[in-house]
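The values are calculated or read from the model by the stated rules, or taken from the named source; none is laboratory data. Bear in mind the structure is a predicted one, so any value in this text is a computation, not a measurement. Please note: Cβ atoms are built from the backbone with ideal geometry, for glycine as well, and neighbour counts cover all protein chains shown. Quick note on the areas: whole protein, heavy atoms, side chains included, nothing else; ligands and nucleic acids left out. Shrake-Rupley method; radii C 1.70, N 1.55, O 1.52, S 1.80 Å.
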Amino acid sequence: MGKVVCSASMSLDGFVAHEDNDPGRLFDWYEAGDVEVVTASEPSAFHLTPTSADYWREWVGQIGCLVVGRLLFNITDGWKGEHPLGVPFVVLTHAAPTDWAHAHTGNAHFVTDGIEAAIARAQEIAGDRTVALAAGTIAGQALGAGLVDEVAVDLVPVVLGSGHRYFADVDPAAVRLGDPTTIIPSTRVTHLVFPVEKSPAAG
């Protein structure tokens with residue numbers, strides 16, 4: 001199976017969105033350059049620096065499935081069944097929707113029995129490709145359970161002061177990260193990747 005990787009844009013003080021779920025200036029780097037990157041759905045394209053575009057294409061080219069929480073699914077309306085990355089996604093939720101208008105796309109898979117089951121389903125879909133996790137509660141649960149191989153951070157030079165943290169409800173004592181394997185400075189962002197050092201009990 002492929003790796004399991006958390007990834008998100010994050011402020012210097014550890015937040016991925018304001019309290020109202022608006023990312024604010026965290027996404028400024030998506031329009032910081034002249035290289036057009038076309039997506040599978042809205043927004044149809046964004047414009048990166050050459051450095052960020054190279055990093056983005058390598059990262060996205062590895063992804064076989066996403067795991068997201070119900071809050072993000074609700075905010076985006078499940079991207080109307082077509083995620084901008086063009087890959088299927090697993091939604092961890094207490095109850096699957098019964099009347100979602102875009103279920104016919106077949107790209108959304110709902111799991112109701114915990115983070116382990118959600119990641120296992122995503123790995124089935126992704127095969128030997130990477131499973132990418134959204135930040136927040138999903139990332140915190142997966143990291144705390146020893147299910148994450150790497151943590152990717154697009155570190156943005158802004159301070160939000162409050163909001164939704166990259167890792168929600170995670171026990172700091174249960175987590176140990178290694179030194180970064182990737183450090184790529186770019187305009188309005190620094191791309192970082194950290195390996196997760198798993199305990200023998202976590203596998």
message: With both bridge residues required to lie in the chain, what share of the DSSP beta bridges run antiparallel, to the nearest 5%?
response: 45
field: Fraction of accessible area attributable to carbon and sulfur, the chain (%, probe 1.4 Å)
entry: 52
task: Calculate, for residue 197 and residue 169, the FRET efficiency according to 1/(1 + (r/R0)^6) with r their C-beta to C-beta distance and R0 30 Å; round to the nearest 0.05.
output: 0.90
query: What is the ratio of the Cα radius of gyration of the stretch 29-120 to 2.2 N^0.38 Å, where N is its residue count, to two decimals?
result: 1.21
field: Radius 11 Å from Cβ of residue 26, net charge of other residues (Lys, Arg +1; Asp, Glu -1)
entry: -1
message: Test of understanding: given the chain, find the longest segment containing no GluC sites (Glu not before Pro) that are in a DSSP loop and have at most 14 other Cβ atoms within 10 Å.
response: 20-196
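Quick one: divide the alpha-carbon radius of gyration of the stretch 85-146 by 2.2 N^0.38 Å and tell me what you get.
1.13
Ordering 188, 176, 57 by accessible area with a probe of 1.4 Å, largest first, what comes out?
Largest accessible area first, the residues go 176, 57, 188.
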message: Restricting to DSSP H runs of at least four residues, report the calculated mean residue ellipticity at 222 nm for the chain, -39500 (n - 2.57) per run over all residues, nearest 500 deg cm²/dmol.
response: -5500 deg cm²/dmol
message: Given the chain, report the % of alpha carbon pairs whose separation exceeds 32 Å.
response: 11
- line: Residues meeting the amide H criterion for residue 17 (H placed from the backbone, H to H distance under 5 Å, 5 or more places apart or on another chain) are 164
